[in-house]
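Peer 1: Quick one: this structure, given as structure tokens, is what I'll be asking you about.
The values are calculated or read from the model by the stated rules, or taken from the named source; none is laboratory data. Just so we're clear, the structure is a prediction, and the values are computed from it rather than from any experiment. Don't worry about glycine lacking a Cβ; one is built from the backbone with ideal geometry, like all the others, and counts go over all protein chains shown.
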Amino acid sequence: MFIKIGLVFAILPGFLLAEDADSLSRTKRQDDFQVDGFFETFGYMDVPKSSQGGHDAADRERAVREFQKMTGLPITGKVDKQTVTKMKSPRCGFQDVLRPSQRPGEINTNPKDVQLKPLSNVFKWPNNQVTWKVMGYTRQLGGASQRRSFINAFKKWSDVANINIREVGGGDADILIDYKRRDHYDGSPFDGRGRTLAHAFFPGSHDISGDTHFDDDEQWTLGTKEGTNLEIVAAHEFGHALGLGHSSNSKALMAPYYQGYDPDYKLLYDDIYRMTSLYGGRAATRPTSRPRVTTRRPRVTTRRPRATTKRPSTKPSICDLKFDSLFMNGDDRRIYAFRYRKIYRFESDKNGIEKSFTKVSRKVLTPRVPINTGAAVVDRYRRLYVFKGSKLFRYTRFRLDAGFPKRITIPFFQNVDAALEYNNVIYVFKDDKFSIWHENYSRSPPSGYPKPISSYWKGIPNNVEAALNINDGYTYFFKGTKYFKYNNRYQRTEYRKDKAPAWLGCGRAVPK
Ligand SMILES: [Zn+2]
Ligand SMILES: [Zn+2]
């Protein structure tokens, strides 16, 4: 089974076979022929045993429907203009779905119910260790910048999944990176400029397993909309080299089609979910040296507030403010705190709460917002999620999105303590555990989660009250009158300090 499927991937017929063999006139029949070749290449159809063998209309229609479903097109079952345009767009050379003959059970021909049989995550590198090496660079770009792109592209995955990816200089490596043209004798010829951009092979024990080839007839670029961005395509191909098939979510990095240049391209939750299902979350076990926990005690404040003759105010001082949850708003880049039924906004240029912005939350977030929020976090689309008990609220520009609040069905994500966003991943904390989270998780947290907080966030206590990442290289956790500053890069807690001076503007101003 293992070897068989491995070989199948090594024998992907390309476009050229279909086009060169084509002696038909430039009629619709030629299009049909190419269409079949396309579907054979990407797994939607079996490759006929003899050259006379063809496909019948029903089989072609099933293949079209599957392709449309895979790529997010309207499912018409017809090779319409939109579908042909999609087929001819630049894409990855990797097969999308299991060939009909490899699928377990009956082939689904019900037009109402298109079921995809993507290549599931089965193959992975043993011991979560993999090495790579560049065999050759393209002349179109400097070698150093290509190497840097490959490092960055691998890091997208090693940032989220528990896999140790290492570049090696000499000797053998698992993933050999190279540029090729046309037929380069691995069963998957390239096709000149356009269409197929690159391909890679699944993990395994074959010589070619993990190898990643870029079509040198493409215009490879970095940092520009012109041509095809090498790093983004590399990140996609390395997804295959690490064990992922294509995603039917057209926004995912692992979608088959190149989505254009995005200087800030990121993994989608779908990519993260699938890679962490294969290797576990990065946070689970970090094989690097143990980060040092700073045990420095917070400085004891000896100066007590001077007693005055004034009666103590019945109102609690702002200096005692606790946070139910904190978030950094995507639109104004300001930090906000929820506490009971109020919302506070922090000063942008100094410590403390903005005096004129202490409001009843439901006057700010409309039409409704819970009191005593459990956690709040903003995702990369600037949507604010608020967790409260078993309910999830989502806001866009402080307006509740349609369909919310929603019930949180996964028990771990009910009654959470805190949430934060880091590198496009949302982390949720509860009691002594944490997990990555996405709105679309419906059955369980990804494999390997939840994990003990202590297994990754060294020095961070259990039962945190609020958490925040403000993209300054640190993550802040709050508990009682203290806060904890966690260094994202070195993965260690820098210090634990009193919250009031650094965050509430009480006493001498100190840096956070
Ligand atoms: Zn691909
Ligand atoms: Zn190749």
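Peer 1: Do we have any residue at all in the stretch 71-85 that's within 16 Å of ligand 1 (Cβ to nearest atom) and either within 29 Å of residue 218 (Cα to Cα) or at pLDDT 90 or above (or both)?
Peer 2: Within the stretch 71-85, the subset within 16 Å of ligand 1 (Cβ to nearest atom) is 71-72.
Still in the list and also either within 29 Å of residue 218 (Cα to Cα) or at pLDDT 90 or above (or both): 71-72.
Yes, the conditions are met somewhere in the stretch 71-85.
Peer 1: Just to be sure before I move on: is residue 393 farther than 28 Å from residue 512 by Cα, touching a strand residue (DSSP E or B) at 6+ places or on another chain (Cβ under 6 Å) and part of a strand (DSSP E or B) in the structure I sent? Let's see the steps before the verdict.
Peer 2: Numbers: farther than 28 Å from residue 512 by Cα: yes; touching a strand residue (DSSP E or B) at 6+ places or on another chain (Cβ under 6 Å): yes; part of a strand (DSSP E or B): yes.
Yes; evaluated as a whole, the condition is true for this residue.
Peer 1: Can you tell me which residue among 350, 322 is charged (D, E, K, R) and at pLDDT 85 or above? Before you say what the answer is, go through the steps one by one.
Peer 2: Working: 350 fails: at pLDDT 85 or above.
Only one candidate passes the filter, namely 322.
Peer 1: Failed condition for residue 226, given (1) farther than 14 Å from residue 150 by Cα; (2) acidic (Asp, Glu); (3) within 14 Å of ligand 1 (Cβ to nearest atom), with all others met?
Peer 2: (3)
Peer 1: Report yes if some residue within the stretch 478-491 is part of a strand (DSSP E or B), of a type outside the set (A, V, I, L, M, F, W, C), in contact with a Lys or Arg (Cβ under 6 Å, 6 or more places away or on another chain) and surrounded by 21 or more Cβ atoms within 10 Å (Cβ to Cβ); otherwise report no. Give the steps one after another, and end with the answer.
Peer 2: Step one: list which residues in the stretch 478-491 are part of a strand (DSSP E or B), which gives 478-479, 482-487.
When the remaining residues are screened for being of a type outside the set (A, V, I, L, M, F, W, C), the result is 479, 482-483, 485-487.
Checking the rest, the ones that are also in contact with a Lys or Arg (Cβ under 6 Å, 6 or more places away or on another chain) come to 482-483.
Retained after the next criterion (residues that are surrounded by 21 or more Cβ atoms within 10 Å (Cβ to Cβ)): 483.
Yes: one or more hits.
Peer 1: So, one more: All but one of (1) touching a strand residue (DSSP E or B) at 6+ places or on another chain (Cβ under 9 Å); (2) within 16 Å of ligand 1 (Cβ to nearest atom) hold for residue 193, so report the exception by its number.
Peer 2: (2)
Peer 1: So which of 235, 252 is buried (at least 24 other Cβ atoms within 10 Å of the Cβ) and out of contact with any His (no Cβ under 7 Å at 6 or more places or on another chain)?
Peer 2: Numbers: 252 fails: buried (at least 24 other Cβ atoms within 10 Å of the Cβ).
That would be 235, the only listed residue that is buried (at least 24 other Cβ atoms within 10 Å of the Cβ) and out of contact with any His (no Cβ under 7 Å at 6 or more places or on another chain).
Peer 1: Could you go through the stretch 448-457 and let me know if any residue there is under 21 Å from the mean Cα position of the chain (by Cα), closer than 28 Å to residue 347 by Cα and at pLDDT below 90.
Peer 2: For the stretch 448-457, residues under 21 Å from the mean Cα position of the chain (by Cα), closer than 28 Å to residue 347 by Cα and at pLDDT below 90: absent.
Peer 1: If we keep just the residues of the stretch 208-217 that are at negative phi, touching a residue at least 60 places away in the same chain (Cβ under 8 Å) and part of a loop (DSSP other than H, G, I, E, B), which is farthest from ligand 1 (Cβ to nearest atom)?
Peer 2: 216
Peer 1: Right, here's the next one. Restricting to the stretch 411-455, give me the number of residues that are farther than 27 Å from residue 153 by Cα and among the hydroxyl-bearing types (Ser, Thr, Tyr). Even if it seems obvious, please write down each step before you answer.
Peer 2: Step one: list which residues in the stretch 411-455 are farther than 27 Å from residue 153 by Cα, which gives 411-418, 429-433, 442-444, 452-454.
In the following step, the residues that additionally are among the hydroxyl-bearing types (Ser, Thr, Tyr) were identified as 442, 444, 454.
Result for the stretch 411-455: 3.
Peer 1: Another question about this same structure. Inspect all residues belonging to the stretch 189-207 and state whether any of them is more than 14 Å from ligand 2 (Cβ to nearest atom), crowded, with 21+ Cβ neighbours inside 10 Å and under 22 Å from the mean Cα position of the chain (by Cα). Can you show your working first?
Peer 2: In the first step, residues of the stretch 189-207 are kept if they are more than 14 Å from ligand 2 (Cβ to nearest atom); the result is 192-195, 203-205.
Filter again for crowded, with 21+ Cβ neighbours inside 10 Å, leaving 203-204.
Next, from what is left, pick out any that are under 22 Å from the mean Cα position of the chain (by Cα): 203.
Checking the stretch 189-207: at least one residue is more than 14 Å from ligand 2 (Cβ to nearest atom), crowded, with 21+ Cβ neighbours inside 10 Å and under 22 Å from the mean Cα position of the chain (by Cα).
Peer 1: Just the residues that are out of contact with any Gly (no Cβ under 9 Å at 6 or more places or on another chain), aliphatic (A, V, I, L, M) and either touching a residue at least 24 places away in the same chain (Cβ under 8 Å) or surrounded by 14 or more Cβ atoms within 10 Å (Cβ to Cβ) (or both), please, taken from the stretch 357-386.
Peer 2: Those that are out of contact with any Gly (no Cβ under 9 Å at 6 or more places or on another chain), aliphatic (A, V, I, L, M) and either touching a residue at least 24 places away in the same chain (Cβ under 8 Å) or surrounded by 14 or more Cβ atoms within 10 Å (Cβ to Cβ) (or both): 364, 365, 369, 371, 375, 376, 377.
Peer 1: Please work out which one of (1) surrounded by fewer than 16 Cβ atoms within 10 Å (Cβ to Cβ); (2) on the phi < 0 side of the Ramachandran plot; (3) touching a residue at least 40 places away in the same chain (Cβ under 8 Å) is the condition residue 407 fails and give its number.
Peer 2: (3)
Peer 1: For the subset of the stretch 110-166 comprising residues that are over 22 Å from the mean Cα position of the chain (by Cα), among the aliphatic types (A, V, I, L, M) and within 23 Å of residue 208 (Cα to Cα), which member is surrounded by the fewest Cβ atoms within 10 Å (Cβ to Cβ)?
Peer 2: This residue is 135.
Peer 1: Can you find a residue that is part of a loop (DSSP other than H, G, I, E, B), under 17 Å from the mean Cα position of the chain (by Cα) and either of a type outside the set (S, T, N, Q) or away from ligand 2 (no atom under 16 Å from the Cβ) (or both) anywhere in the stretch 223-243? Full working, then the answer.
Peer 2: Applying the first criterion (part of a loop (DSSP other than H, G, I, E, B)) to the stretch 223-243 yields 223-227, 243.
Then drop every residue that is not under 17 Å from the mean Cα position of the chain (by Cα), which leaves 243.
The next check asks that each one be either of a type outside the set (S, T, N, Q) or away from ligand 2 (no atom under 16 Å from the Cβ) (or both); those that pass are 243.
Yes: one or more hits.
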